[in-house]
Amino acid sequence: MKKSFTFSSVIAAATVLVQVSCTPTPMDLTKANIIPKPVSVVQAGESFKLTGRTNIYVQGESAELIQIGQFLADKLNPPTGLGLEVKSTDKAPRSGNILLVISEADPELGDEGYELVITPKLITLTAGKPAGLFYGVQTIRQLLPAKIELDSLQEGPWEIASGTIRDYPLYVYRGAMRDVARHFFGVEDIKIFIDQLAYYKMNVLHLHLSDDQGWRVEIKSWPNLTAHGGKTQVGGGEGGFYTQEQYSDIVKYAAERYVTVIPEIDMPGHTNAALASYPELNISGVATELYSGTEVGFSTLATDKEITYKFIDDVVSELAALTPGPYFHIGGDESHVTKIEDYIPFVNRVQDIVLAHGKKVLGWDEIALATLKPDATVQYWARAENALKGVAQGAKVLMSPSKYAYIDMQYDSTSIYGLHWAAYIEVDDAYNWDPATLVPGIGRENIIGIEAPLWAETISNRQEAEYLLFPRLQGYAEIGWTPAGLRNWDEYKVRLASHGERMKAQKISFYPSTKVDW
Ligand code: TNX
């Protein structure tokens with residue numbers, strides 16, 4: 001017993017020595033594997049070291065900046081054990097510290113950009129707005145060894161190469177969609193996902209809250225939507241829904257990470273869960289049965305009944321009140337059993353309801369068949385001619401082309417989850433496209449950004465979702481953030497490979513694609 005103890009301690013000690021001697025001090029900042037790739041990185045050939053004396057100083061007393069500093073401290077303290085504290089200051093701190101500053105002197109950084117200056121003495125993170133500081137904090141995390149992502153105490157040293165990073169996003173909208181209707185995902189799963197989005201500087205979470213298979217958010221004036229319509233999901237499981245309190249908790253958690261939540265209530269199609277809950281919403285006046293299959297395009301609200309618009313007004317009113325973000329997503333896709341002469345006036349009227357509740361309209365590309373209201377945005381997923389109709393009406397386009405950006409598509413024919421009706425999308429295919437040149441007639445100036453939708457017919461828990469999300473989400477994050485001219489698969493795949501260790505440390509169940517040398 002004693003002997004084997006001694007033996008294993010020797011092995012353990014040797015392992016630590018090997019690890020320490022194998023991790024040379026980082027001296028070249030341009031070798032850091034940051035995703036998304038920053039706009040500019042200049043190296044200075046030295047390094048900064050976190051020590052037991054390092055603290056995080058924020059300029060002034062702003063609660064928001066203190067919260068960002070605390071976010072960084074909470075990430076660094078468990079693995080380093082260094083006990084970094086957040087302090088407010090109005091002057092440059094002593095050597096060995098991290099300083100967070102808001103300054104409007106550098107307009108190029110915009111609302112989300114930051115500059116990170118690392119010297120052997122100090123890390124100075126400057127931004128025009130708090131969101132930029134938050135993204136600079138994510139960069140600091142990625143500059144440290146992968147084990148910084150673990151929540152248990154790890155061996156140092158904790159060093160960062162010196163130099164300057166200047167960085168800001170290409171697009172204002174960098175999002176992903178979670179379909180919580182086909183299979184329900186609880187608050188904890190969504191919060192973990194929000195952290196994953198923020199880690200890669202993504203800033204929108206679109207929640208697909210209703211579909212044929214389930215209604216997933218409490219509407220107090222129409223309680224049967226969730227009491228009945230929330231009770232199942234694909235495959236016949238028990239489903240579920242968010243209470244308004246839980247929904248607000250998600251919105252707040254996201255906002256603290258500079259992620260805007262966009263609620264989607266899909267209509268007039270994809271509405272069986274509502275039609276099963278309230279007979280009066282049906283053309284026939286008779287409630288349908290709950291549905292747990294995966295067909296699309298068979299349901300429609302009764303577009304010529306007044307009660308339908310009362311229903312929509314109530315739903316939009318309650319959700320808009322819980323939604324600080326600017327958009328309300330009205331769906332509008334695949335309404336195959338709604339006549340086009342009913343669909344168009346329906347979409348026109350629903351847009352007015354959304355505007356009346358102070359939100360901008362977002363909808364799948366089919367909504368461009370109607371007369372778009374000012375500030376409406378069309379989400380291009382299927383038909384370029386619809387997106388072009390939107391542009392012709394002065395609308396902006398959100399790029400989610402199913403052949404490239406549908407993160408529910410399988411990687412290849414051996415993938416265990418996912419669909420392949422649009423394409424097989426390997427990790428390189430997901431990365432190798434440019435939203436601004438994909439559709440002739442839709443250019444950079446028409447596009448607000450990109451979104452990767454994760455439809456959930458084939459996935460029912462966090463691990464299954466992560467298999468489809470990772471490692472493609474990183475590519476979408478980079479497409480949204482980094483200028484197209486700086487992106488190149490051969491260089492990117494090396495950075496992505498280095499994120500394998502980070503994903504493992506974060507307990508992400510990613511798909512180890514053979515396109516990447518992990
Ligand atoms: C098409 S994308 C749909 C969804 C499905 C998805 C599966 C869109 C606007 N409609 O209802 O879940 O394909 O990939």
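A few comments on the model shown:
- The packing ranking, built from the mean of other Cβ atoms within 10 Å per residue, places the peptides 346-354, 361-369, 479-487 in the order 361-369, 346-354, 479-487, highest first.
- Nonlocal amide H pairs with Ser62, under 5 Å, H built at 1.01 Å: none
- Share of carbon and sulfur in the accessible heavy-atom surface of the chain [1.4 Å probe, %]: 55
- Region 181-277: GluC sites (Glu not before Pro) falling in loop per DSSP and having at most 15 other Cβ within 10 Å: Glu238, Glu256
- Pairs exceeding a 28 Å alpha-carbon distance, out of Lys129/Lys396; Lys129/Lys504; Lys49/Lys75; Lys87/Lys360: Lys129/Lys504; Lys87/Lys360.
- Phi angles of region 105-114 translate, via the Karplus equation with coefficients 6.51, -1.76, 1.60 and θ = phi - 60°, into HN-Hα couplings of 6, 10, x, 4, 5, x, 7, 10, x, 8 Hz per residue; Gly and Pro are given as x.
- Protein heavy-atom accessible surface, 1.4 Å probe, per residue over the chain: 39 Å².
- Beyond 30 Å, the tail of the calculated P(r) for the chain holds 51 percent of the Cα pairs.
- Listed peptides 324-335, 141-152, 204-215 by packing density, highest first (mean Cβ within 10 Å): 204-215, 324-335, 141-152
- Of all DSSP beta bridges in region 184-333, antiparallel share, percent nearest 5: 20
- Counting only alpha carbon atoms, the long axis of helix 130-143 and the longest principal axis of the chain meet at about 50°.
The values are calculated or read from the model by the stated rules, or taken from the named source; none is laboratory data. Keep in mind it's a predicted model, so treat the numbers as computed, not measured. Backbone-built Cβ (ideal geometry, glycine too); neighbour counts: all protein chains shown. Note: areas computed on protein heavy atoms with side chains; ligands, DNA, RNA excluded. Shrake-Rupley method; radii C 1.70, N 1.55, O 1.52, S 1.80 Å.
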